[in-house]
Amino acid sequence: MHELGITQNIIAIVSENAQNKKVQRVLLEIGQLSAIMPEAIKFCFDICSQGTIVEGARLEILEIPGMAKCRECGTNFYVEKPFGICECGSIKLDIIAGEELKIKEIEVEELCV
């Protein structure tokens, strides 16, 4: 399960960017063509965040659908796999969305003094 290592990296990046403030929420974008299972990330998140400033944070995941552009006719269309065939019959495609893994937002606790 490579999601464990990915989740550990996400926690490390979020912790580094939170500047020692308690993390309340993390929003990830995960492409449906990325070979990353959102449910596995959710499972690993609570485990990997234990003992860190990310512990207890709410994890939200936006799944980005796969999209390709045909090199022959220029049509954009959704794909469920990193390959496919355009309506024009071409298999010459460029994947333009769906391979993402982004930490989109980090919400941290504001301390009032």
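The values are calculated or read from the model by the stated rules, or taken from the named source; none is laboratory data. Worth saying up front: this structure is predicted, and the values here are computed from it rather than measured. Quick reminder, even Gly has a Cβ in these numbers, built from the backbone with ideal geometry, and neighbours come from all protein chains shown. Keep in mind that these areas ignore ligands, DNA and RNA; they rest on the heavy atoms of the full protein, side chains included. Shrake-Rupley method; radii C 1.70, N 1.55, O 1.52, S 1.80 Å.
Determine which lysines satisfy two conditions relative to residue 104: a Cα distance under 16 Å, and not lying fewer than 8 residues away in the same chain.
Reachable lysines: 42.
To the nearest 10 degrees, how steep is helix 3-17 against the longest Cα principal axis of the chain, on a 0 to 90 scale?
60
Looking at the chain as a GNM with Cα springs under 10 Å, which of 100, 63, 16 has the largest mean-square fluctuation?
Of 100, 63, 16, the most mobile in the Gaussian network model is 16.
Where the accessible area of the stretch 1-105 is counted over protein heavy atoms with a 1.4 Å probe, how much of it, in %, is carbon and sulfur? Each step should come with its number before you reach the end.
Working: 3220 of 6440 Å².
Answer for the stretch 1-105: carbon and sulfur cover 50 percent of the accessible area.
Compute the accessible area per residue over the chain, keeping the other protein chains in place, probe 1.4 Å, unit Å².
Numbers: 7270 Å² over 113 residues.
On a per-residue basis, the chain sits at 64 Å².
Among 111, 45, 88, whose Cα sits farthest toward the positive end of the charge dipole of the chain (+1 at Cβ of Lys/Arg, -1 at Cβ of Asp/Glu, about the Cα centre)?
88
How big is the gap, in Å, between the Cα center of the stretch 58-113 and the Cα center of the stretch 1-53?
Going from one Cα centre to the other spans 19 Å.
Please find the FRET efficiency linking residue 17 to residue 71, where r is the Cβ-Cβ separation and R0 is fixed at 41 Å, and quote it to the nearest 0.05.
Working: r = 37 Å, r/R0 = 0.91.
After rounding to 0.05, the efficiency reads 0.65.
Taking the 0 to 90 degree range and rounding to the nearest ten, how far is the long axis of helix 38-49 tilted relative to the main principal axis of the chain, both from C-alpha atoms?
20
Can you tell me which of 90, 15, 34 moves the most in a GNM of the chain? Springs connect C-alpha atoms under 10 Å apart.
The residue with the greatest mean-square fluctuation here is 90.
Could you work out the relative contact order of the chain? I mean the mean sequence separation of Cα pairs under 8 Å and 6+ apart, divided by the number of residues, in percent.
Details: 210 pairs, mean separation 40.3, N = 113.
RCO, the chain: 36 percent.
Using a simple spin-label model with points 7 Å from Cα along the Cα→Cβ vector, what separation in nm is obtained for residue 2 and residue 94?
With each label point 7 Å from Cα toward Cβ, the separation is 2.4 nm.
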